[in-house]
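Visitor: One structure, pasted below without further comment.
Throughout, read-outs are computed from the coordinates displayed, never taken from laboratory work. Just so it is clear, the model here is predicted, and its values are computed rather than measured. Because the Cβ atoms are built from the backbone with ideal geometry, glycine has one as well, and the counts that use them run over all protein chains shown.
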């Protein structure tokens, strides 16, 4: 599952892009969601990962491997020795860790932005939409070309 967040500083909106693929790289589900809140980039990225996990659970697509280009957040999630604070990002990371700990086979890893273009495109798309969107076994045309490109970057 590839996840990304996009921010619109002017409106304070956060866009979330989620693409879930199977082991062959075929799209199983995708989502573009938005949140009206003035979060920091770190909080937005952590929130995107948490929303992606919830979407995967609700779609019946767990366990999953989560890939995000938010390296700082991925490192926080995967760190055993970093004490988490009661800050917004710390609380979301704690929720992510509890969720991942309750699902056998779930992992979260970093990928470069070049391998996360489709999720980034969905996150940007969600900023312009006035509603959350969900697709099963497809993505909207605005990111279709990026889906295959993301797979090629990782090969």
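Visitor: The list (i) 1.11; (ii) 0.96; (iii) 1.16 gives values of Cα Rg over 2.2 N^0.38 Å, and only one came from this structure; which label was calculated from it?
Guide: (ii)
Visitor: Comparing 33, 117, 42, which has the greatest mean-square fluctuation in the GNM of the chain with Cα pairs linked when under 10 Å apart?
Guide: Evaluated over the chain, the most mobile residue of the options is 42.
Visitor: For an R0 of 35 angstrom, estimate the FRET efficiency from the Cβ-Cβ distance between residue 23 and residue 85 and round to the nearest 0.05.
Guide: The formula returns an efficiency of 0.45 here.
Visitor: Let me ask another. Please identify which residues in region 95-132 have an amide N closer than 13 Å to a label point set 7 Å out from the Cα of residue 149, following the Cα→Cβ vector.
Guide: 113-122
Visitor: So how do 150, 132, 80, 36 line up by other beta-carbon neighbours within 10 Å, fewest first?
Guide: So the ranking, lowest neighbour count to highest, is 80, 36, 132, 150.
Visitor: Could you state, as a whole-number percent, how many of the C-alpha pairs of region 1-66 are farther apart than 13 Å?
Guide: More than 13 Å apart: 59 percent of the Cα pairs in region 1-66.
Visitor: Counting each DSSP H run of 4 or more residues in the chain as -39500 (n - 2.57), what helix-only mean residue ellipticity at 222 nm follows after dividing by all residues, to the nearest 500 deg cm²/dmol?
Guide: -13000 deg cm²/dmol
Visitor: I need 109, 31 ordered by Cβ neighbour count within 10 Å, fewest first.
Guide: 109, 31
Visitor: What is the gain in length, in nm to one decimal, between residue 72 and residue 40 on full extension, counting 0.36 nm per residue of separation less the C-alpha to C-alpha distance?
Guide: Result: 10.2 nm gained on full extension.
Visitor: Also, I was wondering about something else. Assuming 0.36 nm per residue, please report the length gained on full extension of the stretch residue 138 to residue 107 beyond their Cα-Cα distance.
Guide: 8.8 nm
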